[in-house]
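The values are calculated or read from the model by the stated rules, or taken from the named source; none is laboratory data. Only a predicted model underlies this, so the values are computations on that prediction, with no experimental measurement involved. When we count neighbours, we look across all protein chains shown, and the Cβ atoms used for this are built from the backbone with ideal geometry, even at glycine. Side chains are part of the model used for accessible areas, which takes the heavy atoms of the whole protein and leaves out ligands, DNA and RNA. Shrake-Rupley method; radii C 1.70, N 1.55, O 1.52, S 1.80 Å.
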Amino acid sequence: MLENPLDSAIIWPFTSLTSNRRIDHLSQATGAATFLSPRGRADGQDQTLTLTFDDNRLLSLLFGEHDEHLALIEHRLGVAITPRGNRVAIRGDSSSADDARSVLLSLYTRASRGGEITRGEVDGAIRMVKSSHERDGDSSTVRTRRKPVSARSPNQKLYIDAVRKHELVFGIGPAGTGKTYLAVACAAEALMNGEVDRIVLSRPAVEAGERLGFLPGDMKEKVDPYLRPLYDALYDMMPHALVAKGLAENQIEIAPLAFMRGRTLANAFVILDEAQNTSPQQMKMFLTRLGEGSRMVVTGDPTQVDLPNGMTSGLADALAILKGVKGIAQVKFETSDIVRHQLVGRIVQAYENVKPSPERKPRPAR
């Protein structure tokens, strides 16, 4: 594996094929790649950038099956990409071509470091480039034992940064924005690095509108269905054997919110998921469990409250009371941050666009 994955990526920009081809021989040494930049154009015509990669083994991963990753970049950035062997020609206006180049280089870096390249990763790289035209891979990537987890939107990067810098962080937003997944990734990273001694994951055991009735089995079997999403996220970050060992030795604890009363959680990374389904009293109880050397992340979607009619959501209550308190960060995700299936974003947006009717009056939240 290359010590620096981009040492072998050489970028040759050319002016539009419709004009005289010209190369500016003023090179800029970046340490990761060498850029030969064309002089600025005032006529707004397209230009072509050619990228040459040394490691052909990574290109099938970078391009995707049947070049689907290149097609996605073309569609999202409005460029034309032509692969030939270990070279890729990008044609489009100066800004779009440069964005496409940045996306390909960031994905090539990820592939060179052993990371997987999925459609979601490509989409995330495009979002990051379109937002800032630069990507700080170190600060927006969480490293766990199973795989690195990278921010796929600017708000996800803000969220990761906030979790690393604050003792208490609220992550609020619609489903599919990565609130819980990134929080669990940060917890796994902190445990792996020895920053905390254990992980505590919790959820309120509230039914989502339906009545499940009596559940058979012991206490663990009764509450496990409510906590399954936390198990799923944890297994994505850590090998199954390590999770099983952590659960057996109480290094990892997954428990309903009701089990938190009376405890002090010291030297732990604590996550409360689905916090919109807590009462104000439960929320206050949970937040005051924070012990020495611990960090806490609270996630929830204020639009999906499953509490009985008339009950105030503890999440909305806490957000209002704790706004501006030192040491506490609040990160709000938007519909544009949804990283599940693209249709999920359109579904959430459609629901947000519909004005509540008397028959669909939302539950009160303070």
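Is it the case, given these coordinates, that Arg211 is at pLDDT below 90, in a loop (DSSP other than H, G, I, E, B) and farther than 17 Å from Thr278 by Cα? Against the criterion (at pLDDT below 90, in a loop (DSSP other than H, G, I, E, B) and farther than 17 Å from Thr278 by Cα), Arg211 qualifies. From the list Arg135, Arg145, the lone residue that is modelled with pLDDT under 90, assigned to a loop (DSSP other than H, G, I, E, B), open to solvent by 20 Å² or more (accessible area, probe 1.4 Å) and closer than 21 Å to Asp337 by Cα is Arg135.
Results for (1) of a type in the set (D, E, K, R); (2) at pLDDT below 85; (3) surrounded by fewer than 19 Cβ atoms within 10 Å (Cβ to Cβ), shown as yes or no for each residue.
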position	(1), (2), (3)
Ser112	no, no, no
Glu116	yes, no, yes
Gly124	no, no, no
Arg127	yes, yes, no
Thr141	no, no, no
Gln156	no, no, no
Ile172	no, no, no
Val184	no, no, no
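Taken over segment 285-301, the residue count meeting the criterion of being farther than 14 Å from Leu322 by Cβ and either in contact with a His (Cβ under 6 Å, 6 or more places away or on another chain) or open to solvent by 60 Å² or more (accessible area, probe 1.4 Å) (or both) is 1.
When residues in segment 94-110 are screened for being modelled with pLDDT under 90, open to solvent by less than 10 Å² (accessible area, probe 1.4 Å) and under 13 Å from Lys130 (Cβ atoms), 0 of them pass. Pairs linking a residue in segment 44-67 that is of a type in the set (Asp, Glu) to a residue that is crowded, with 16+ Cβ neighbours inside 10 Å and part of a strand (DSSP E or B), with Cβ atoms under 6 Å and 6 or more positions apart or on different chains, are Asp46/Arg91; Asp46/Gly92.
Does Arg91 count as part of a strand (DSSP E or B) and open to solvent by 50 Å² or more (accessible area, probe 1.4 Å)? So Arg91 fits the description; yes. Among the conditions (1) closer than 17 Å to Gln47 by Cα; (2) among the polar types (S, T, N, Q); (3) free of Cβ contacts under 8 Å to residues at least 12 places away in the same chain, the only one that Ser94 does not satisfy is (3). Taking segment 292-307 only, how many residues are among the hydrophobic types (A, V, I, L, M, F, W, C) and not in a strand (DSSP E or B)? The total comes to 2. Among what's in segment 221-251 and is under 22 Å from the mean Cα position of the chain (by Cα) and hydrophobic (A, V, I, L, M, F, W, C), pick the residue that is modelled with the lowest pLDDT. This residue is Leu227. Here is the figure for segment 319-348: residues that are touching a His at 6+ places or on another chain (Cβ under 7 Å) and surrounded by 15 or more Cβ atoms within 10 Å (Cβ to Cβ) total 2. Scanning segment 260-282 for residues that are loosely packed, with under 14 Cβ neighbours inside 10 Å and assigned to a helix (DSSP H, G or I) yields one hit, Gln281. Is it the case that Lys165 is at pLDDT 90 or above, among the basic types (Lys, Arg), surrounded by 23 or more Cβ atoms within 10 Å (Cβ to Cβ) and within 24 Å of Ala268 (Cβ to Cβ)? Against the criterion (at pLDDT 90 or above, among the basic types (Lys, Arg), surrounded by 23 or more Cβ atoms within 10 Å (Cβ to Cβ) and within 24 Å of Ala268 (Cβ to Cβ)), Lys165 does not qualify.
If you go through segment 236-259 and keep only what is open to solvent by less than 60 Å² (accessible area, probe 1.4 Å), outside any strand (DSSP E or B) and closer than 23 Å to Phe170 by Cα, you end up with Met237, Leu257.
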